[in-house]
Amino acid sequence: MLDVLMYLFENYAHDAAEEPTAPAQLQDELQRAGFTEKQISRAFNWLEGLSELKGGRLLDQGRVTQPFRIYSRVEAAMIDIEGQGLLLYLEQIGVLNCEAREAVIDRVMALESDDFDEEQLKWVVLMVLFNQPGAESSYAWMEDFVYDGAPESIH
């Protein structure tokens, strides 16, 4: 499913503001690209869950002390130590706050993947930030991080 999401993100996300592509058109395009109906349906459901998170403002401008996150066994099975470290790092440098982190964890868990790694986590973070109003600078930093490695600073 993450392959479908990454395909959509790389091919359609930046054009979405101009003229959104109809879901039926997207489904046809994805099937031509080799994805199954089940993968496409799961990806659309995942995106629907992501849009439901859009209502809350995830990034606030004022930094406050963030609470420490303890991962449940199920979450820790999905997001390994390196992934947890990445999320902590992103919080510490101000790319994510605790609400954004929780949105990322929610979307990771919705993937229901048996084979999830740190690179895939970066893509989920990028997709969550892209979907959040007011997260433009964090999104831009994360985009550089995904494509080019860690940029110098967030601002």
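Summary of values
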item: Stretchable slack from SER72 to ALA33, in nm (0.36 nm times residue separation minus alpha-carbon distance); result: 10.4 nm
item: Förster radius 22 Å - calculated FRET efficiency between TRP123 and ILE93, Cβ distance, rounded to 0.05; result: 0.75
item: For region 3-8, 3J(HN,Hα) per residue [Karplus equation, 6.51 cos²θ - 1.76 cosθ + 1.60, θ = phi - 60°, Hz, x = Gly/Pro]; result: 4, 5, 4, 5, 4, 4
item: Under the Karplus curve 6.51 cos²θ - 1.76 cosθ + 1.60, θ = phi - 60°, whole-Hz ³J(HN,Hα) for region 133-141, x wherever Gly or Pro sits; result: x, x, 9, 4, 5, 5, 4, 4, 4
item: Residue-wise HN-Hα coupling along region 83-89, computed from phi with Karplus coefficients 6.51, -1.76, 1.60 (Hz; x: Gly, Pro); result: x, 5, x, 4, 4, 4, 4
item: Listed residue (VAL4, GLY49, GLN39) projecting farthest to the positive dipole end of region 1-53, Cβ model; result: GLN39
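Values in this text are rule-based calculations from the coordinates and carry no lab data. Bear in mind the structure is a predicted one, so any value in this text is a computation, not a measurement. Neighbour counts are summed over all protein chains in view; Cβ atoms, including those assigned to glycine, are modelled from backbone coordinates with ideal geometry.
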